[in-house]
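The block underneath contains the structure these notes are about, expressed in structure tokens.
We did not get these values from a lab; they are worked out from the coordinates using the rules stated. Remember, predicted model here, so these are calculated numbers, not experimental data. In this analysis, Cβ positions are derived from the backbone assuming ideal geometry, glycine residues included, and neighbour counts consider all displayed protein chains.
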Amino acid sequence: MKNRIIFITICVLVNVCVCSVFAQSNINENQLIKLGKVDSLYSNILNESRRIWVQVPESAKALTNHPNKYPVLYVLDGGEHFLSVCSILNQLSSGTIPEMIVVGIGNFENRTRDLTPTKVEEARGASDWVKDSGGGERFTDFIEKELIPYIDDKYPTANYKTLIGHSFGGLLVVNTLINHSELFESYIAIDPSLWWDDQTLSSEVTKTLSNEKYKDKSLFLSIANPLPQDREESLNELIRNNAQETEGVRAIYDFSMLVSKSKENKLHFKYEYYEDENHGTVPLVSIYDGIKFLFPWYRMRSGFVDVIQNPNSTTEDFIRAVDKRFKRLSDKLGYQVYPEEDLLNNLGYMFLSREPEKSLVFFNMAIEHYPKSANVYDSMADYHLSKKDYDSALKNVTKAYEIDKKDYYKKRMKDIMGMRNGE
């Protein structure tokens, strides 16, 4: 369907920044009320039922000539962070990052047991709260052998996977990267509890990071300010402070230095200190920054934009530019990525008024990839109307009506017949 508001907006924005053409909201009215759904599975490894939350992109419902499938982002402490992650993805996944399935893993109970990779008798001066610690490896087995296969079987997943965790969850994220790096392609550890067990993971990382198994792997690690707001200090000041309250910061910093100095491991790594955020407020900004860090190659490159902007570009140039972009994305993600319907549709309308033959390229591509969508045929009808080819326009709107019996298409059929008959 021709969305005149989007069309006018595109025409204005293209003179400022062509990238703005591709900004589309993925949130529909239902998503404004509810994000994702509750699911669960029984774990034989943990001997208990585990609650999960799952959000699948709306575009999974699109009628295409190819299967829709998506990378999966797993979030520890899903009860705390699932909604934040979903909201950030819905905002960013319009040409900035790939659309993804989000799986939130509940850790309301037995959190210390599940998220700590080693058993300790005492931590931070007490023993009672860590008596069940050390179940992280078993919990990782649950994720690998039960949860991931369950999600892959039930939802339209691709192989590319990301793991996010905060605090103890961040500790498990780092442990997974070090000891089970094959499970995920990218990792976000938010203010992780790397002080655990006398910084045991820092000791392990020196043994493992010289291995090239981290090629094509990414880790974003954030550090919060542990001091009260009126005592904000720089990271350099904190790591020189030997008080117990800065133990966590020093542990994360030490780990980050070990990773940063080990260049041969090929790990795509970044750490960020948030002076104005504490342990409780740092997750939201870390998720946002971390997800952008993981997918810098997903954004449209200047070469693609230059081809679109260049008035001398031919239709063949357009086809090559689109093919090149989506081949690159496919190579990075490890599965075939196809041009989005909105992208092709909006590019078609961008050229419709001034260079309709170029718009035809994108409308044809939209029909090729989305032959079961009424919208793409309605857009093609607008191309034929621009050429005053009423018979072809009527044929395409009729096709749209056959797919989707909306009154809008029925009225358009009547209007085009009137144009054809000179009414």
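Straight-line reach from K131: taking Cα to Cα under 19 Å and skipping same-chain neighbours fewer than 8 places apart, the lysines in range are K119. Structure shown: which of K61/K145; K372/K410; K161/K213; K217/K263 lie over 22 Å apart, alpha-carbon to alpha-carbon? Cα-Cα > 22 Å for K61/K145; rest within. Straight Cα distances below 15 angstrom link K154 to the aspartates and glutamates D39, E146, with same-chain residues fewer than 8 positions distant left out. For the stretch 206-257, a Kirkwood hydrodynamic radius built from all Cα pairs, placed in the Stokes-Einstein relation at 37 °C and 0.692 mPa s, yields a translational diffusion coefficient of 255 µm²/s. Ranking of K372, K69, K332 by neighbouring Cβ atoms within 10 Å, starting from the fewest: K372, K332, K69.
Each of L92, L344, L63 has some number of other Cβ atoms within 10 Å of its Cβ, and from fewest to most they run L63, L92, L344.
Compute the Cα gyration tensor for the stretch 302-420, then decide on rounded, prolate or oblate, letting a ≥ b ≥ c be the square roots of its eigenvalues: rounded whenever a/c is under 1.5, prolate when a/b is larger than b/c in the other cases, and oblate in all that remain.
On the way: a/c = 3.38, a/b = 1.62, b/c = 2.08.
Oblate.
Under a Gaussian network description of the chain, with springs only between Cα atoms under 10 Å, the residue in I101, I319, I190 that fluctuates furthest is I319. Secondary-structure-derived ellipticity at 222 nm for the chain, considering helices only, amounts to -14500 deg cm²/dmol, per-run term -39500 (n - 2.57) for DSSP H runs with n ≥ 4. With the simple spin-label model, which puts each label point 7 Å out from Cα in the Cβ direction, the K410 to N159 separation comes to 4.9 nm. When the GluC sites (Glu not before Pro) in the stretch 94-147 are filtered for DSSP coil states and for at most 15 other beta-carbon atoms within 10 Å of their beta-carbon, the remaining sites are E109, E121, E122. When both bridge partners sit in the chain, DSSP labels roughly 30% of those beta bridges antiparallel. At q = 0.08, 0.10, 0.12 Å⁻¹, what base-10 log of I(q)/I(0) does the Debye formula yield for the stretch 35-298 when every alpha carbon is treated as an equal point scatterer in vacuo? Result of the Debye calculation: -0.31, -0.49, -0.71.
Using the structure shown, select from K207/K324; K69/K215; K388/K411; K37/K266 the pairs with a Cα to Cα distance greater than 28 angstrom. Violating the 28 Å limit, Cα to Cα: K207/K324; K37/K266.
Shape summary of the stretch 379-419, radius of gyration then Dmax from alpha carbon positions: 9.1, 26 Å. Under 16 Å of direct C-alpha separation, and excluding same-chain neighbours fewer than eight residues apart, K395 reaches these aspartates and glutamates: D378, D382, D404, D415. GNM on the chain, alpha-carbon springs under 10 angstrom: the most fluctuating residue among G303, G136, G95 is G303.
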